[in-house]
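Accompanying notes for the structure given below.
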Amino acid sequence: AQSVTQLDSHVSVSEGTPVLLRCNYSSSYSPSLFWYVQHPNKGLQLLLKYTSAATLVKGINGFEAEFKKSETSFHLTKPSAHMSDAAEYFCVVSDRFGNEKLTFGTGTRLTIIP
Amino acid sequence: DAGVTQSPTHLIKTRGQHVTLRCSPISGHKSVSWYQQVLGQGPQFIFQYYEKEERGRGNFPDRFSARQFPNYSSELNVNALLLGDSALYLCASSLGQGYSGYTFGSGTRLTVV
C-alpha cells in the first residue's frame, strides 16, 4: 500500500519569500514521487518528479524537491514566491514496480500575500 | 501537439441518470487513467486502461465502468447517478511503458442535481 501525507492544508507566504510545502510518503516499494499544481478551475500540471535518479529534483517555475529516504519525505521548495504561484499543490506517489496508479495527498493551498 | 482532451467540459445530470465522459489521449500514448476529484479533496483513482485492457481499478462501485477503444481514446460511464458523484473527472494519458509520465486533461465538471 502507498500513501502520502501533506502536513499543511494551507500555507501563506509573502511575495518574494521562500516557499516550503511538506510531504511525507509511505510505500511498500521504491516509490516514484511527484508534485502537481492545480490552478483554480484547471487541470493538473506536473511540477517535478523523482524516479530514483538524483535525490534533488528541479522542476518548472523555480520549484525543487529533495527525496529523503531516511525521513520518508519529499518537500517542495521555492526560493522566492511569486503571485502566480498561488494554487493548490498535490504530492503524489506511484508504485514504480507495480501498476501506475497515482495516489494523491489531500493538497496544500498556497496563498501569496502581496 | 494536442494535449489530453476531455469532453464535455461541464455537465449537469439528474439523480438516477446515466453519464458518459470521453477522453482522447496524447498521440502515441497507449494508457489512459481516470480520476475523480471531489471539491476540496485530492483526485482518487478510478480506472487504468492499457492497450484496451483494464490494468487497475480503484475503490468505486460497479456503477462506474470504462473502456478503451482501438484508437486509445476512452469512455467513463456512470450509471444511476447519485448526488455524491458530483465532481471533477480527470483523464490522464501516458505511454504506459513502466513509469513514463502522466499528462492530465482539464477535466469534466459533473454536477448531479
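Read the figures in this text as sums done on the coordinates, not as results from a lab. What you see is a predicted model, and the numbers here were worked out from it, not measured in a lab. FYI the Cβ positions are ideal-geometry reconstructions off the backbone, even for glycines, and counts take in every protein chain you see.
Between B:Y102, B:Y89, B:Y49, which gets the highest mean-square fluctuation from a Gaussian network model of chain B, Cα cutoff 10 Å?
B:Y102
Over the Cα atoms of segment B:48-113, Rg to Rh with Kirkwood Rh, two decimal places?
Numbers: Rg = 13.0 Å, Rh = 13.3 Å.
We get a ratio of 0.98 for segment B:48-113.
Over chain B, what is the relative contact order in percent, taking alpha-carbon pairs closer than 8 angstrom and at least six residues apart? Don't skip to the answer; put the middle values down first.
Details: 290 pairs, mean separation 41.6, N = 113.
Rounded, it is 37 percent for chain B.
List the pair-distance distribution P(r) of chain B, using every Cα-Cα distance, as the percent of pairs falling in each 10 Å bin from 0 up to the bin containing the longest distance, rounded to whole percents.
16, 50, 29, 5
Round to the nearest 0.05 the FRET efficiency obtained for B:I12 and A:K42 when R0 = 22 Å and r is the Cβ-Cβ distance. Before the final figure, lay out the partial values.
Details: r = 20 Å, r/R0 = 0.92.
Plugging the Cβ-Cβ distance into 1/(1 + (r/R0)^6) gives 0.60.
Please figure out what share of the DSSP beta bridges in segment B:13-113 is antiparallel and state it in percent, rounded to the nearest 5.
Working: 32 of 33 bridges.
Of the beta bridges lying entirely in segment B:13-113, close to 95 percent run antiparallel.
In segment B:20-103, which GluC sites (Glu not before Pro) fall in coil by DSSP and have 14 or fewer other Cβ atoms within 10 Å? Each step should come with its number before you reach the end.
Details: sites: B:E51, B:E53, B:E54, B:E75; in loops: B:E51.
Of the GluC sites (Glu not before Pro), the ones in loops of segment B:20-103 whose Cβ has at most 14 other Cβ atoms within 10 Å are B:E51.
Take the Cα gyration tensor of chain A, multiply each eigenvalue by 5, square-root it, and list the three semi-axes largest first, rounded to whole angstrom.
Details: eigenvalues 112, 40, 29 Å².
Square roots of five times the eigenvalues give 24, 14, 12 Å.
Per residue of A:101-109, count partner chain C-beta atoms within 10 Å of its C-beta, then hand back the mean as an integer.
Values: counts 10, 11, 5, 7, 2, 3, 5, 0, 1.
Across A:101-109, the average partner-chain Cβ count within 10 Å equals 5.
Using the beta-carbon distance between A:S26 and B:L39 and R0 = 22 Å, what value does 1/(1 + (r/R0)^6) give for FRET efficiency, to the nearest 0.05? Numbers along the way, then the final one.
On the way: r = 26 Å, r/R0 = 1.17.
Plugging the Cβ-Cβ distance into 1/(1 + (r/R0)^6) gives 0.30.
Label B:S27 and A:T72 with points 7 Å out from Cα along Cα→Cβ: what is the distance between them in nm?
The two pseudo-label positions are separated by 4.4 nm.
Answer rounded, prolate or oblate for segment A:22-65, using the Cα gyration tensor with square roots of eigenvalues a ≥ b ≥ c: rounded when a/c is under 1.5, else prolate when a/b is larger than b/c, else oblate. Each step should come with its number before you reach the end.
On the way: a/c = 2.43, a/b = 1.50, b/c = 1.62.
Judged from the Cα gyration tensor, segment A:22-65 comes out oblate (a/c at least 1.5, b/c at or above a/b).
So which trypsin sites (Lys or Arg not before Pro) in segment A:1-110 pass both tests, a DSSP loop state and at most 15 other Cβ atoms within 10 Å of the Cβ?
Working: sites: A:R22, A:K42, A:K49, A:K58, A:K68, A:K69, A:R96, A:K101, A:R109; in loops: A:R22, A:K42, A:K69, A:R96, A:K101.
Sparse-neighbourhood loop trypsin sites (Lys or Arg not before Pro): A:K42, A:K69.
As a test of understanding, state the convex hull volume per residue of the protein assembly as shown from its alpha carbons, in Å³. List each step's numbers first, then the result.
Values: hull volume 27.9 nm³, N = 227.
Per-residue hull volume (Cα only) is 123 Å³.
Considering only A:E64, A:E88, A:E100, give the residue with the highest GNM mean-square fluctuation for chain A, with springs between Cα atoms whenever their separation is below 10 Å.
Evaluated over chain A, the most mobile residue of the options is A:E100.
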